[in-house]
Amino acid sequence: MREQLAKIREEALSRLSAVTSSAELEELRVRYLGKKGEMTAILKQMGGLPAEERPKMGQLANEVRAAIEEKLSEAKRDVEARALELRLRAEAVDVTVPGKSVKVGHRHPMYIALDEMKEIFIGMGFTVVDGPEIELAELNFDRLNAEEGHPSRDWSDTFYFDREEKVMLRSQTSPMQVRAMDTLPLPIRMVAPGRVYRKDEVDATHSPMFHQVEGMVIDKGVTMADLKGTLNTVVKSLYGEDTKTRFRPHHFPFTEPSCEMDVQCHKCGGAGCPTCKGEGWIELLGAGMIHPHVLEMAGIDPNVWSGWAFGFGLERLAMRRFKIDDLRLIFENDVRFLEQF
Ligand code: PHE
């Protein structure tokens with residue numbers, strides 16, 4: 001029995017020294033110290049020993065058991081330490097690996113053109129105002145002198161929400177003139193950019209949704225000369241100091257007199273080319289002196305106050321600014337196109 005115990009001790013300790021996993025460890029624990037293990041088997045044989053031998057063997061068995069137990073917990077610590085080491089190594093973050101670069105976008109070319117425009121007007125003391133795209137026909141038409149029966153009110157041109165044709169998607173930013181007159185204190189200098197809607201088919205120069213920028217000044221003693229002076233200043237800061245402009249008579253229901261403003265073609269310098277369709281001039285905007293009746297409807301005395309207003313298409317301005325020849329490119333939002341600006 002003495003030899004048996006010595007053999008178990010030697011074998012168990014050497015096996016435990018070579019253990020690499022906690023599964024192996026458990027297997028050895030069961031094998032030597034378990035209920036059906038080798039140590040239990042030895043202890044069962046104790047009964048057959050002479051009485052004087054038993055305490056000695058008992059003590060020896062206890063020593064062997066204690067030695068195995070100690071080695072077991074030592075091996076357990078080693079296995080756990082090694083597992084932790086491996087996990088730390090596997091989960092380590094390599095801070096030298098190059099990162100994924102974040103794609104940063106930039107402003108849409110149309111908003112670049114709009115921001116330039118706003119800068120210029122803010123520099124001249126104008127306020128930038130915003131208003132609803134869903135508008136009352138009363139403000140889009142009636143308060144702008146376009147009464148019942150005016151051709152622009154036809155349902156084939158305008159998106160109405162109701163049969164009574166009282167609520168609509170605004171067809172121009174000009175109702176912002178009325179909103180400004182109704183809400184802002186006099187004198188007024190404002191610009192109002194925003195979306196407008198008309199029943200147009202999409203092609204290279206048309207879209208059922210596009211952007212306009214409205215501008216308006218109301219003060220005492222304001223004349224057509226102020227309108228021309230201001231617009232010329234704006235156009236020169238956009239297109240260069242030697243830009244030439246011309247004003248042609250036109251008609252709008254809410255301005256009198258009304259005009260359209262052209263700029264001399266930047267491509268051919270006025271000689272005529274495909275860009276200006278052989279005209280030498282490119283139409284830029286509609287404008288005019290605010291009709292006295294429009295002032296009156298807003299409760300502003302036209303004998304004391306006068307003003308002017310203009311409105312232009314923002315896409316056209318951006319297209320000319322960035323030499324884009326198809327309106328659809330502005331709205332398609334193809335990144336390959338937009339990245340160029
Ligand atoms: N609202 C007009 C249009 O859409 C433009 C305009 C604005 C004309 C202001 C005169 C004054 O054509």
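Read the figures in this text as sums done on the coordinates, not as results from a lab. Quantities reported herein were computed from a predicted structural model and do not represent experimental measurements. Here the Cβ is made from the backbone with ideal geometry for all residues, glycine too, and neighbour counts use every protein chain on show.
Helix hunt in the chain: which complete DSSP H runs extend at least 30 Å axially by C-alpha with mean Kyte-Doolittle at least -1.0? Each step should come with its number before you reach the end.
Numbers: long enough: 53-90 (55 Å, -0.79).
Taking the DSSP H segments of the chain (at least 30 Å long, mean hydropathy at least -1.0), we get 53-90.
At MET1 and ALA81, where each label point lies 7 Å from the Cα along Cα→Cβ, what is the point-to-point distance in nanometres?
Going from the MET1 label point to the ALA81 one covers 3.8 nm.
Let me make sure I get this right: for segment 199-273, a, b and c are the square roots of the gyration tensor eigenvalues over alpha carbons, sorted descending. Under 1.5 in a/c it's rounded, otherwise prolate if a/b > b/c, else oblate. Which is it? Intermediate results must be reported in sequence, preceding the final value.
Working: a/c = 1.89, a/b = 1.12, b/c = 1.68.
Oblate, because a/c is 1.5 or more while a/b does not exceed b/c.
Rank by packing, highest mean first: peptides 152-162, 187-197, with packing defined as the count of other Cβ atoms within 10 Å averaged across residues.
Working: 152-162: 13.1, 187-197: 19.4.
My ranking of the peptides, most packed first, is 187-197, 152-162.
Find how much the distance from HIS293 to VAL104 grows on full extension, using 0.36 nm per residue of separation minus their present alpha carbon separation; answer in nm with one decimal. Present the calculation step by step, with values, prior to reporting the outcome.
Details: separation 189, 0.36 × 189 = 68.04 nm, distance 5.04 nm.
Gain on extension, HIS293 to VAL104, equals 63.0 nm.
Give me the extension gain from LEU186 to GLU26: residue separation times 0.36 nm, minus the current Cα-Cα distance, reported in nm with one decimal. If you can, show how the numbers build up before the last one.
Numbers: separation 160, 0.36 × 160 = 57.60 nm, distance 9.13 nm.
Stretched out fully, the LEU186 to GLU26 stretch lengthens by 48.5 nm.
Between segment 146-211 and segment 10-24, how many Å separate their Cα centres?
For segment 146-211 versus segment 10-24, the Cα centre distance is 88 Å.
Highest mean first, what order results for 105-111, 252-258 on Cβ atoms within 10 Å? Write down the numbers at each step before the final one.
Numbers: 105-111: 14.4, 252-258: 19.1.
Result, highest mean Cβ count within 10 Å first: 252-258, 105-111.
Please give me the summed charge of the neighbours of HIS266: other residues whose Cβ is under 11 Å from its Cβ, Lys and Arg +1, Asp and Glu -1. Kindly include the intermediate steps, with their values, before the conclusion.
Numbers: positive: LYS244, LYS267, ARG320, ARG321, LYS323; negative: ASP242.
Residues close to HIS266 contribute a combined charge of +4.
Please sort 294-300, 75-81 by packing, taking for each peptide the average over its residues of neighbouring beta carbons within 10 angstrom, highest first.
Working: 294-300: 16.4, 75-81: 14.6.
Going by the mean number of other Cβ atoms within 10 Å, highest first, we get 294-300, 75-81.
For VAL304 and ARG54, calculate 0.36 nm times their separation in residues minus their Cα-Cα distance, and state this gained length in nm to one decimal. Don't skip to the end; give the middle numbers.
Numbers: separation 250, 0.36 × 250 = 90.00 nm, distance 12.83 nm.
Computed gain between VAL304 and ARG54 is 77.2 nm.
In what sequence do ILE218, ILE42 fall when counting other Cβ within 10 Å, fewest first?
Details: ILE218 23, ILE42 18.
Fewest-to-most ranking of ILE218, ILE42: ILE42, ILE218.
Within segment 250-281, whose backbone N sits under 14 Å from a point 7 Å along Cα→Cβ of LYS244?
In segment 250-281, the label zone of LYS244 (backbone N under 14 Å from the point 7 Å along Cα→Cβ) covers 262-273, 279-281.
When the helix-only estimate is applied to the chain (DSSP H runs of n ≥ 4, each -39,500 (n - 2.57), divided by the residue count), what is the mean residue ellipticity at 222 nm, nearest 500 deg cm²/dmol?
Values: 12 runs with 142 residues, N = 341.
-13000 deg cm²/dmol, from helical runs alone.
Please say if the chain is rounded, prolate or oblate, where rounded means a/c under 1.5 for a ≥ b ≥ c the square roots of the C-alpha gyration tensor eigenvalues, and otherwise the choice is prolate for a/b larger than b/c and oblate otherwise?
Numbers: a/c = 5.14, a/b = 3.95, b/c = 1.30.
Judged from the Cα gyration tensor, the chain comes out prolate (a/c at least 1.5, a/b above b/c).
Separation of segment 321-336 and segment 76-90 by C-alpha centroid, Å?
Between the Cα centres of segment 321-336 and segment 76-90 lies a distance of 60 Å.
Over the chain, calculate the relative contact order: mean separation of alpha carbon pairs under 8 Å at least 6 apart, over the residue count, as a percent.
Details: 481 pairs, mean separation 47.4, N = 341.
So the answer I get is 14 percent.
Decide, for segment 244-341, between rounded, prolate and oblate: order the square roots of the alpha carbon gyration tensor eigenvalues as a ≥ b ≥ c, take rounded if a/c falls under 1.5, and otherwise choose prolate if a/b is larger than b/c, else oblate.
oblate
Given a Förster distance of 35 angstrom, what is the FRET efficiency for LYS166 paired with THR205, based on the Cβ-Cβ distance and rounded to 0.05? All intermediate terms of the calculation are to be shown ahead of the outcome.
Values: r = 31 Å, r/R0 = 0.88.
So, using R0 = 35 Å, E works out to roughly 0.70.
Test of understanding: ordering HIS206, HIS211 by Cβ neighbours within 10 Å, fewest first, what list do you get?
On the way: HIS206 12, HIS211 22.
So the residues, fewest neighbours to most, are HIS206, HIS211.
Taking neighbour counts of Cβ atoms within 10 Å as a proxy for exposure, in what order, fewest first, do VAL104, VAL19 appear?
VAL104, VAL19
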